[in-house]
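Report on the following structure.
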Amino acid sequence: MRAMNPAATTALPSFASLVPHAPPMVLLDALLHCEPGHAVAKVEIRDEAPFVEDGVLPTLITMEYMAQTIAALIGFEARAAGGEPAIGFLVACRTMNCTVATLPVGTRLEVDVRHVWGESVLGNFDCVVRRDDGVMVATANLSVAMAPPDVLASLTSGAHLPTADARGTQ
């Protein structure tokens, strides 16, 4: 379906080790390809998967598949630089197009994400989800933000972040 750099596809870590999620919210099965600015992940839709009802998954849920693939790419790049995966936030979906409303259990998907612009704190990605036969089921342009270290420390310590009152003061 696509030509890949063989060096970029060897010895990839498990998908779950690259994203700050815990089961059952690790929604993807594996990372197939990863190189700076580009990643491809795969998933088979299973009946027991979150968001599956009556044997189908709403195609809109592929937005989370895209976001998790972006998280895996960022986690992979952080590990390559000697760091650890960080918590990120999906902050915008500029466009999303779905070619079908639902996907049946048993459908195998590939999620392809490519970095478009941005650096350490904010980034933008073009995303495509295809069935394993190459048929496109969804595309989107997503923006993500990485948690600054002080916010991350607050989130992981259980401390509460400062809140604003109705006038916007702390």
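The values are calculated or read from the model by the stated rules, or taken from the named source; none is laboratory data. Please read these numbers as outputs of a predicted model, since none were measured by experiment. Don't worry about glycine lacking a Cβ; one is built from the backbone with ideal geometry, like all the others, and counts go over all protein chains shown. Each accessible area value is taken on the protein alone, full model and side chains, heavy atoms only, with ligands, DNA and RNA left out. Shrake-Rupley method; radii C 1.70, N 1.55, O 1.52, S 1.80 Å.
Descriptive notes on the structure:
- Here Ala86 and Ala16 are evaluated by their C-beta separation; at R0 = 22 Å the FRET efficiency comes out at 0.90.
- Label point at Asp29 placed 7 Å out along Cα→Cβ; residues across segment 108-151 whose backbone nitrogen lies under 20 Å: 108-113, 128-138
- Placing +1 on each Lys and Arg Cβ and -1 on each Asp and Glu Cβ, with no other charges, gives segment 61-118 a dipole about its Cα centre of roughly 100 debye.
- Taking Cβ atoms as reference points and 14 Å as the exclusive limit, the residues near Val43 contribute a net charge of -3, counting Lys and Arg as +1 and Asp and Glu as -1.
- Net +/- balance of residues flanking Arg108 in space, Cβ distance below 15 Å, scoring K and R +1, D and E -1: -3
- Carbon and sulfur %, accessible surface of segment 1-124 computed with the full protein complex present, 1.4 Å: 57
- Backbone geometry of segment 85-99 corresponds, through the Karplus equation with coefficients 6.51, -1.76 and 1.60 at θ = phi - 60°, to 3J(HN,Hα) couplings of x, 10, 6, x, 9, 6, 10, 7, 10, 5, 9, 8, 10, 10, 8 Hz, x marking Gly and Pro.
- Stretched out straight at 0.36 nm per residue, the stretch from Asp54 to Leu122 would grow longer than its current Cα-Cα span by 20.8 nm.
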